[in-house]
Structure formats: C-alpha cells, structure tokens
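Heads up: the structure comes next, in structure tokens.
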Amino acid sequence: MPLALILNQTGCFRINKPLPIIYDHMKMPVLFLCFLLLPCTMQAQNMISMSSLHPGADTISANMKELAIRYPGLRKFGISASGFGYSDFDVKLDDRDFASGKIKTRRISTFFNTPAIKWKGNSLSAGIYYTYTSTRIKDISNKLPEAELTPVTTDRSTFDLAINYSRSDKIFDHPVVYSLVVRGITDGVNSFRRLNLNGSINLPLKKTGNTTFSVGLLALIDPSSPIPVEPIINYYHKFISSGLELIVDIPTGVNLKKEIARNAWVSVGSNQRSYTIFYDRHNTFLDGKVSYNTIELKSGAAFELLFAKNVMLTLDGGLNSFLSARLFKDGENYNNASIISSNKNAPYVNVGLSLVSF
C-alpha cells in the first residue's frame, strides 16, 4: 500500500502563547506562575483523562452539574463535529526530508461517562470515547527517490475505554485526592492496540464561594507522551464586579468565560487534546502495527447555550495548532519515532451537543 496511507495528519511543534487575560484586581501571584508553566505543560500533555485532573472522589469541589458546565470533559455524553482548513506540511523520515504538501482534516468525536459508584471516599466510573477522522492530502512534493507520497483521502476510527478510580483521603489532616485511570485504545478491528496509565495526586489549597485552587502531579505511562510526569494546576475565580470567570486547568487549557444571558456563555481561550490513529503497514519503511499520535491546541472563542435543563449546545472556532505529530512503530516512543510531521496552523470550526447531567 502507498506510504501516503500512513500519513493522514501532520503537526507543528511551536507553542502558542495563551490568549490575553483581563486581570480584574488580580491578587494571587499563582496566576502568573500558571501562565509561565502553560507552554511547558501544553507540549507535554498526551492522552490525559479528565478523571485524573478532576477525580470523582473530590468531595470538596462544586456540585457535579456546575463542574460539568465549567469543564466539558466531565459531562455525561457529548458529540461534536470539527472541520479544519488546508495547511502546508512537511514530513521527515528518519531525520531525512521526505515530502511536503497540503492537508485538510474533518473529525467527529463522541464520548460517554458512566455514573460513578461511590463508597467510603472511593469512586469508580468508566468513560467510552469514539473518534472518526477523515483526512485529505494533496499537492505533494516528494524528496526521497526511494519513497513516494501520493494524494489520498483516508478515513479512520478510534475507540477508547477508560476505567477511572479515585480516593479522597487526608495527609497531616489536609485533604488529598488520588486517582488512577487505565485506558485501552483500539481501532475497533483488532484487540486493544495501546494501554495507557494515568495516575495523579491532587492537593486542594483553597475553596471559597468564588475561588478554588488545587495543585498536584500527573504521572503518564504512555509511549507517545513527551514526558512521564507533569504538574497539575487547577484555578477557578469568578470576578464579582464583571461576572468574568477565569478557568486555569493545566495541562488541558486556560479560558476566560462570561455568562451573557441566563444559561448562555461566551468564552475565549486555548484548549488541548490528543488523538491517535492506528494502521497495519508492510513496506520498506514500516513493517507491522503503527500508530499516529497528534497533540493539538485550539485557540479561539466559543458560545454555549444550556437548554432542556441539561443539554448544552456548543459553537466554537479559531486557530488549530499542532504541538506534536509523530508516528510510532511497535517498540518506539516519543523520542525515537520514525516519522515526524510539521504543519502550519489552520482555522477550524466546531459544533457540538452534550448532556451536562442525567
């Protein structure tokens, strides 16, 4: 099969600065630390479960519906469709210039979070995720005589099952929350192609009517992750005078949000996710199972409307940046990936529906 079929997404490795934030009498110096750390953690995030960052056993948090409105990944069900504009890309194969061209992607994503089973400070739940990705590449310029990349359109599906366990406890009479997430990822045809582990510890430091603040560490056992351990910084503050809500949720994003009408919000910010696509390839360069992993940062504006009590409509758009895009053979990891892609930023639009609570 043509080598083009293994290269249906590309990415760049630049780090976008977070969007400017309006500081309404900001007094906590930790916010400046958050923004300084953001570029590092943005590049490091890969296949992280929201249950590692906001575990179900966290009994000091706001009520679950309020949290689900604030953090979309905690909602019970969601479906979204995204479209991206064409962008230029370049591909390296074993550190050699391989090919360049243009790429365009469409993606449909769904997820379902089961209700949590709770007992004596423990919480157990599961998440099921599905992503369909359609990619078109064109205007190819090949640079290696022994390999050829041709225009092609590919369609791939990825399924992801996550089992989430968390426990609320105390250390020296201070609340602490532990969590462990086991993730199995497959293409729906073969058995699980990759197993990931996320483990985290969260220390709540402050909780008032308008402010919550916690820090922690996240451990990642995942060959596609750039680093094995990274910080968690969760900070939320609502400015009474303006009604603005600042949501710092490192390593997944930073957003500034405002309710403009009853059950209607607008927000600006940067948010990150990662995606995996699997292939079976047998040619001169690849022999066997391979996976393609991207880490993407979306920066832009969003509008959300809550209707029918628990259904959220989301419309958003802006600029999509690829922080990482690498292809892994069996046994390879982030540092020794065979194929590394880079592409320029591309505009995107997205529409989604989600269920905030049952």
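We did not get these values from a lab; they are worked out from the coordinates using the rules stated. Remember, it's a predicted structure, so these values are computed and weren't measured experimentally. Glycine gets a Cβ as well: all are built from the backbone with ideal geometry, and neighbour counts include every protein chain shown.
Some observations on this one:
- With 31 Å as the limit on Cα-Cα distance, the pairs of LYS257/LYS344; LYS65/LYS329; LYS92/LYS257; LYS65/LYS102; LYS238/LYS344; LYS118/LYS298 that go past it are LYS65/LYS329; LYS92/LYS257; LYS65/LYS102; LYS238/LYS344; LYS118/LYS298.
- Phi-based couplings in Hz for region 144-154 (Karplus 6.51, -1.76, 1.60; Gly and Pro marked x): 10, x, 8, 9, 9, 9, 10, x, 7, 10, 10
- Anchor LYS289: aspartates and glutamates whose Cα lies under 14 Å away (excluding residues fewer than 8 positions away in-chain): ASP187, ASP280, ASP330, GLU332
- Residues ARG96, ARG70, ARG262, sorted so that the one with the fewest Cβ neighbours within 10 Å comes first: ARG262, ARG96, ARG70
- Fewest-first sequence of GLU230, GLU259, GLU146 by Cβ atoms within 10 Å of each Cβ: GLU146, GLU259, GLU230
- 3J(HN,Hα) along region 200-210: 9, 10, 10, 10, x, 10, 8, 8, 10, x, 10 Hz, from the Karplus curve 6.51 cos²θ - 1.76 cosθ + 1.60 with θ = phi - 60°, whole Hz, x for Gly and Pro.
- Computed E for ILE108/ASN63 - FRET, C-beta separation, R0 35 angstrom, nearest 0.05: 0.70
- Sorted by Cβ density within 10 Å, fewest first, the residues SER200, SER100: SER100, SER200
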